[in-house]
Amino acid sequence: MTSGNLPAVFSTFVGRRRDIAAIRSRLETARLVTLTGVGGVGKTRLALEAATSMRKGFPDGVWLVDLASVRDPAAVAGATTTALSVPDLGARPVSDRLADHLARRRTLIVLDNCEHLADACARLAHALLSAAPGLRVLATSRASLGITGESVFTVPPLSVPDEAVELLRDRAEAVRPSFRITDANRDVAMRLCERLDGLPLAIELAATRLRTLTVEQLGARLEDRFALLTGGSRTARPHQRTLRALIDWSHDLCSPGEQLLWRRLSVFAGGFDLEAAEEVCCGDGVPRSEILDLLDRLVTQSVVLTAENDSRPQYRMLETIREYGRGRLAESGEERRLLRRHRDFFRALAESSAAAWYGPGQEDGLARLRAHHGNLRVALE
Ligand SMILES: Nc1ncnc2c1ncn2[C@@H]1O[C@H](COP(=O)(O)OP(=O)(O)O)[C@@H](O)[C@H]1O
Ligand SMILES: [Mg+2]
């Protein structure tokens, strides 16, 4: 029996026990819980951890629907159907078929990244929840969906110092195995985490610098950076600005080639593989032979993440990082050209899969098409 499609996550999850308990208990009374908060505060990761911890209660599966690459509100139901592997049969509206499919099942759906599609998500959630008494929905969104019965849980930053320092330590150890928090650097590490408002994404980006810098050096650099931004005043910054500052800083520390690749990779939706990156992103300043090396360096800086997928190495970016790259791409004046190359690449991929449909390569082709679902949708648009 299928039990869902939650992705495997390889990095350590830190703290949040009380948040998970709170979400679980809310889902016992409310049937739709929305996790809200700024980008990078940890909504998606928390939703995945909470959902994983509830798997036993949902014999028909816990399913993740990532809506980041969906632009068209009319496509939300279709994306959900695809994620849940509901057979695509008949001429009835997709949402009706989904409702039928879920009606007698006990299922948890995680609707991730609803912010740009709040109305469509609200409508779909309402329709499905009315039709399926055994369904629960856990949504993540920068703002609430605004339907009756929704329980909104504002995701707090990690607690400082405990959880935040633990995350810093864990991620620093990953890039420098000898890294330790000691009596000598604990205070600096605490101050650093405070400076980063306990935002997990900001901490992860900063931690990658501990490969070569000491905590003291890193702290001093960030102090300078924030002083520059706030004209030296120490007034509290909104979390968006803290994170923006960290992403800007990470970007500034990238070589010109890495910056170029970062913004070009942002055309991909829902991940990419090496071949796609080479084909779509090479040229005009980046020879194809350098892409792998640049990609590796973006991985070590936590700009690009790796994910094992059907034994094919897949890369992806967190939505906040990808959006930042898209902004840079728009400024660079090469957005249209990149989008066209992206479209051409995935058109060719779809065509070659169609040609191999009845041949021995069918299984592979299908797996690859499935892995590139988000990209195919963007290419179509
Ligand atoms: N409690 C946590 N423990 C470990 N890593 C975390 C935790 N919360 C968030 N992260 C990491 O921080 C980054 C940003 O989190 P994410 O869930 O993508 O934020 P959001 O969905 O709010 O934009 C991700 O790399 C995520 O794995
Ligand atoms: Mg998210």
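Any read-out appearing in this document is the output of simple, stated calculations on the displayed coordinates, not a laboratory observation. Keep in mind that this is a model prediction, so the values were computed, not measured. Cβ: placed from backbone, ideal geometry, glycine included. Neighbour counts: every protein chain shown.
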Problem set entry | Full-extension gain in nm, Ala227 to Leu274, via 0.36 nm per residue minus C-alpha separation | 13.0 nm
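Would you please give the FRET efficiency between Asp88 and Arg24, computed as 1/(1 + (r/R0)^6) with r the Cβ-Cβ distance and R0 = 30 Å, to the nearest 0.05?
The calculated FRET efficiency here is 0.35.
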Exercise. How large is log10 I(q)/I(0) at q = 0.11 Å⁻¹ when the Debye formula is applied to the Cα atoms of the chain, each weighted equally and without solvent?
Worked result: -0.85
Seminar exercise, completed: Surrounding charge for Val160, neighbours by C-beta under 13 angstrom, Lys/Arg +1, Asp/Glu -1, total -3
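Need one number: convex hull volume per residue for region 1-74, Cα atoms only, in Å³.
140 Å³
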For this session: Name the shape class, rounded, prolate or oblate, that the alpha-carbon gyration tensor gives for region 52-100, where a ≥ b ≥ c are the square roots of its eigenvalues, rounded holds for a/c under 1.5, and otherwise prolate holds if a/b is larger than b/c and oblate otherwise.
Result: oblate
For this session: Provide, in order from the shortest bin, the percent of all Cα-Cα pairs of region 162-253 in each 5 Å bin, continuing until the bin that contains the maximum pair distance.
Result: 3, 15, 27, 28, 17, 8, 2, 0
Seminar exercise, completed: Neighbours of Arg26 by Cβ distance under 12 Å: Lys/Arg at +1, Asp/Glu at -1, summed charge 0
Exercise. Under a plain spin-label model, where a point goes 7 Å from the Cα along Cα-to-Cβ, how far apart in nm are Ser332 and Arg176?
Worked result: 3.0 nm
For this session: Per residue of region 171-184, in order, report the coupling 6.51 cos²θ - 1.76 cosθ + 1.60 (Karplus, θ = phi - 60°) as ³J(HN,Hα) in whole Hz, putting x for Gly and Pro.
Result: 6, 5, 4, 5, 8, 9, x, 7, 5, 9, 8, 10, 4, 6
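Quote the convex hull volume per residue of region 123-176, based on C-alpha atoms, as a whole number of Å³.
137 Å³
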Exercise. With Rg and the Kirkwood Rh both taken from Cα atoms, where does Rg over Rh land for region 17-154?
Worked result: 0.93
Exercise. Taking the chain as a Gaussian network, Cα atoms linked when under 10 Å apart, which of Pro177, Pro133, Pro200 shows the biggest mean-square fluctuation?
Worked result: Pro177
Seminar exercise, completed: Ranked by GNM mean-square fluctuation in the chain (Cα springs under 10 Å), the top entry among Val76, Val110, Val86 is Val86
Seminar exercise, completed: By the C-alpha gyration tensor axes a ≥ b ≥ c (rounded if a/c is under 1.5, else prolate when a/b exceeds b/c, else oblate), the shape of region 251-348 is rounded
Problem set entry | Candidates Glu334, Glu49, Glu173: whichever shows maximal mean-square fluctuation once the chain is modelled as a Gaussian network with Cα springs under 10 Å | Glu334
For this session: Just grab the label-to-label distance for Phe10 and Asp252, each label 7 Å out from Cα along the Cβ direction, in nm (one decimal).
Result: 3.1 nm
Problem set entry | DSSP beta bridge pairing in the chain, given as percent antiparallel to the nearest 5 | 25 percent
Seminar exercise, completed: By the mean-Cβ-within-10 Å protection proxy, highest first, 37-45, 249-257 rank as 37-45, 249-257
Exercise. What whole number of Å gives the distance from the Cα centroid of region 251-306 to the Cα centroid of region 116-174?
Worked result: 30 Å
